[in-house]
Amino acid sequence: MAVTILIPTALRAFTGRQSQAQADGKTVGEVLKAFADANPDVRQHLYDENGELRSFVNVYIGDVNIRNAGGLGGPIEDGDTLTLVPAIAGGVVCEPEQKP
Amino acid sequence: MSGTGDKILASMTNEEISRYSRHLLLPEVGMEGQKRLKAAKVLIIGAGGLGSPLGLYLAAAGVGALGIVDFDVVEESNLQRQIIHGVKDLNRPKAFSARDRIRDLNPRVEVAVHNVGLTSENALDILHKYDVVVDGTDNYQTRYLVNDACVFLQIPNVYGSIFQFEGQATVFGAENGPCYRCLYPSPPPPGLVPSCAEGGVLGVLPGIIGCIQACEVLKLIIGNAPSLAGRLLLFDAWRMKFREFKIEKDPDCPVCGDNPSIEELVDYEEFCGLKAEEEPVDNISARELKARLDRGEAVQIVDVREAHEREIFVFPGAMPVPFSRITQSENTLNPSVDAVFICKVGKRSAHAIRALREVGYEGRMLNLEDGVNAWARDVDPSLPIY
């Protein structure tokens, strides 16, 4: 048994359209690293240049944000579910020249 | 503050009592709740996919005054989901088109049109007249602007957001509740995540999320109802699943925390990285590309659109390399031949060029300006613009 990772629509283009994946690890950080190693295109969406979790992606164990519960170093157990919830905005291309 | 708790409530006419009878029969609403709705002023920011059901349901429910902020005009591709507008409204400003439909539905509603883009200069002036603000915008800079303005003015901000098959909804700025920055301290850098204009959106999705927002607005006004404040509702339309996550108020939040460091509206384009200089790419227009192909020049055309998008139309002679796999294509290109990168509107292709430069590709790369839509417009009108 491993940890299940639920992948949001916004990241599925970088995971071969998979909506969920399995990965192993004893901490949240280890599980996410294993997931990113298996899906290299998704890495830049999860981590910034310094290897920190990006501030526009939240990671939940159950319904609790890991930022409020131990962060990437927090423990995780087989059978748990991690949900990735990035910021989404919809709409038009956000480029300056398209502003009013 | 929330809703209209401190207002003196006007009486209702017999016609109003008949019109709103199904509300009056609900003990949770009743005469008092309906009078609160009549006294309420709600600002809808964005008259698009989310703003459409918001405008229709809030007007039908008898909210006394609605404000609509939008600077855009109705385009044909909007009609797949923006149901407040019709074919007769094409090319009209959305704010006026929405106002007319609301008047048709419920002439008792007072509608204020703000046919402008919301900016740091005008936001406080527009927002302060309202009891509740609903965020139906489509970009990060306006979302952070609306959030900060609502925190400063202590107005609840009913949030909804959509992408492809997925939507989010919650209530920010409630008393002691979190704000948008507590959930997402900063936005993605431009270009990292595709927009709905590039990534698509299921037409009914904003209808569902907009209705959830409308429901939260009505409950905030009626009062004594549990709201979504502190809970992020996530909806996956494809799997038809709702999930709920906790949102904690961040004591270190720069806007609503214990020691706020931001106490006035800032430059939100700068905050969202839209003023950062992007590394320039060399452009080629659709007509120039056509001329080069007609002269028989060797050019490798790289189509970075995804497979399902290439089904809309296949670009003749192009090599398909989806944007999501672009950095793995380095070895399939010939650096001694010019490579022209194409996508729908020329944004993803520009990012693809930058990504290939980063991994060390040294051949000449050109970006098809305005994408295959420009090719359809300027070179081959038999092709669709999408």
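Computed quantities for the displayed model
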| item | result |
| --- | --- |
| Distance violations [Cα-Cα > 23 Å] among B:LYS38/B:LYS88; B:LYS41/B:LYS246; B:LYS94/B:LYS275; B:LYS7/B:LYS219 | B:LYS38/B:LYS88; B:LYS41/B:LYS246; B:LYS94/B:LYS275 |
| Derived scalar couplings ³J(HN,Hα) [region B:171-188; Karplus, 6.51 cos²θ - 1.76 cosθ + 1.60; whole Hz; x for Gly, Pro] | 10, 9, x, 6, 4, 6, x, x, 10, 4, 5, 5, 7, 10, x, 8, x, x |
| Globularity index of region B:181-270, i.e. its alpha-carbon radius of gyration over 2.2 N^0.38 Å | 1.35 |
| Estimated vicinal HN-Hα couplings, Hz - region B:143-152 in sequence order (Karplus 6.51, -1.76, 1.60; Gly, Pro = x) | 4, 5, 4, 4, 4, 5, 4, 5, 5, 4 |
| Net charge, A:LYS26 excluded, C-beta distance under 15 Å - Lys, Arg +1, Asp, Glu -1 | -4 |
| Ordering of B:122-132, B:56-66, B:273-283, B:37-47 by burial proxy (mean other Cβ atoms within 10 Å per residue, highest first) | B:37-47, B:56-66, B:122-132, B:273-283 |
| Chain B: relative contact order in percent, alpha carbon pairs under 8 Å with at least 6 residues between | 13 |
| Angle in degrees between helix B:30-39 and the longest Cα principal axis of chain B, rounded to the nearest 10 | 60 |
| Kirkwood Rh in Å, taken over all unlike Cα pairs in region B:14-271 | 18.6 |
| A:ASP80-B:ALA10 FRET efficiency (beta carbon distance; Förster radius 56 Å; 0.05 resolution) | 0.55 |
| Chain B: antiparallel DSSP beta bridges as a percent of all, rounded to 5 | 40 |
| Normalised alpha carbon radius of gyration of region A:3-98 [divisor 2.2 N^0.38 Å] | 1.10 |
| Spin-label zone in region B:313-346 - amide nitrogen under 15 Å from a point set 7 Å from the Cα of B:LEU293 along the C-beta vector | B:313-320, B:339-344 |
| Candidates B:SER336, B:SER97, B:SER52: whichever shows maximal mean-square fluctuation once chain B is modelled as a Gaussian network with Cα springs under 10 Å | B:SER336 |
| Peptide-level mean, for A:5-11, of C-beta atoms on other protein chains within 10 Å | 5 |
| Cut-off under 5 Å, modelled amide H: who pairs with A:ASP80 long-range | A:THR4 |
| Length-normalised contact order of region B:212-322 in % [C-alpha pairs under 8 Å, at least 6 apart] | 11 |
| Top of A:PHE56, A:PHE35, A:PHE14 by mean-square fluctuation, Gaussian network on chain A, Cα under 10 Å | A:PHE56 |
| Positive-end residue of B:LEU26, B:VAL337, B:PRO53, charge dipole of the protein assembly as shown with Cβ unit charges | B:LEU26 |
| Column: log10 I(q)/I(0), Debye, Cα scatterers of the protein assembly as shown, q = 0.10, 0.13 Å⁻¹ | -0.81, -1.26 |
| In order through region B:126-134: 3J(HN,Hα) via Karplus (6.51 cos²θ - 1.76 cosθ + 1.60), integer Hz, x for Gly, Pro | 6, 6, 5, 7, 10, 8, 9, 10, 10 |
| Relative packing of B:149-159, B:352-362, which averages over residues the other C-beta atoms within 10 Å, highest first | B:149-159, B:352-362 |
| Within-12-Å neighbourhood charge of B:TYR144 [Cβ basis; K, R +1; D, E -1] | -3 |
| For region B:282-378, alpha-carbon Rg over 2.2 N^0.38 Å | 0.97 |
| Stokes-Einstein translational diffusion, region B:106-209 - Kirkwood Rh over all Cα pairs, 1.002 mPa s, 20 °C, in µm²/s | 142 |
| Mean ellipticity per residue at 222 nm, deg cm²/dmol - from DSSP H runs of n ≥ 4 across the protein assembly as shown, formula -39500 (n - 2.57) | -7500 deg cm²/dmol |
| Inter-part distance where region A:1-44 and region B:48-93 are each reduced to a Cα centre, Å | 38 |
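Coordinate-derived values only; no laboratory data. No experiment lies behind these values; they were computed from the predicted model shown. Cβ: placed from backbone, ideal geometry, glycine included. Neighbour counts: every protein chain shown.
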